[in-house]
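The values are calculated or read from the model by the stated rules, or taken from the named source; none is laboratory data. Please read all numbers here as calculations on a predicted model, not as lab measurements. Neighbour counts run over all protein chains shown; Cβ positions are idealised from the backbone, glycine included. Areas reflect the complete protein model, heavy atoms only, side chains present, ligands, DNA and RNA absent. Shrake-Rupley method; radii C 1.70, N 1.55, O 1.52, S 1.80 Å.
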Amino acid sequence: MEEGTDPGTRSLKIVSGGQVLHTIKLLTDVERNGFAFDGVNKTKDGFELAIEYGSRIFYGKKFIFICRHHKFYMGKIRVDSFDRQNPEKWSRKVIRMRPNLPLEKFSISDFMLEGVVQH
């Protein structure tokens, strides 16, 4: 698995063995206040894609993908959030995807509303 970005675009390509498996559209700061792409990290079972966004209420999300039968599936999302004006008020939760979401159906914008998961 490797990541690649096209110059001049806001997208991320998930590549395996030289083949593009999926292109993920990244949001801009205008589309989602404070949006930042924090990168992709390989794990022993797949990869994690990290983003953050927010103005007063800040969210950090890690989308955790696992590889099964040579395909990637999102199994869970780790969400950290806190109020910038009251940083002691923070929460961390893990949302398990049942069933797991195939990489081809993944879109960051589907997971921007807090507490709402769309397929």
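Please work out the FRET efficiency for the pair VAL20 and GLU52, using the Cβ-Cβ distance as r and a Förster radius of 25 Å; give the result to the nearest 0.05.
Efficiency for this residue pair is about 0.50.
So how many Å³ per residue does the convex hull of the Cα atoms of the stretch 16-111 work out to?
Working: hull volume 10.0 nm³, N = 96.
Convex hull volume per residue, Cα atoms: 104 Å³.
Which whole-Hz ³J(HN,Hα) couplings does the stretch 43-48 yield from phi under the Karplus relation 6.51 cos²θ - 1.76 cosθ + 1.60, θ = phi - 60°, glycine and proline marked x?
Each residue's phi maps through the Karplus curve to give 10, 5, 9, x, 7, 10 Hz.
In the structure shown, do any of LYS13/LYS42; LYS42/LYS76; LYS42/LYS71; LYS42/LYS89 have a Cα-Cα gap over 23 Å, and if so which?
On the way: LYS13/LYS42 14 Å; LYS42/LYS76 15 Å; LYS42/LYS71 15 Å; LYS42/LYS89 31 Å.
In this structure, LYS42/LYS89 exceed 23 Å between Cα atoms.
Tell me the carbon and sulfur percent of the accessible area for the stretch 6-115, rounded to whole percent, probe radius 1.4 Å.
On the way: 3290 of 6590 Å².
C and S fraction of accessible area: 50 percent.
Let's see if you can work this out: charge +1 on each Lys and Arg Cβ, -1 on each Asp and Glu Cβ, no other charges. What is the dipole magnitude of the chain about its Cα centre, in debye to the nearest 20?
The calculated dipole for the chain is roughly 480 debye.
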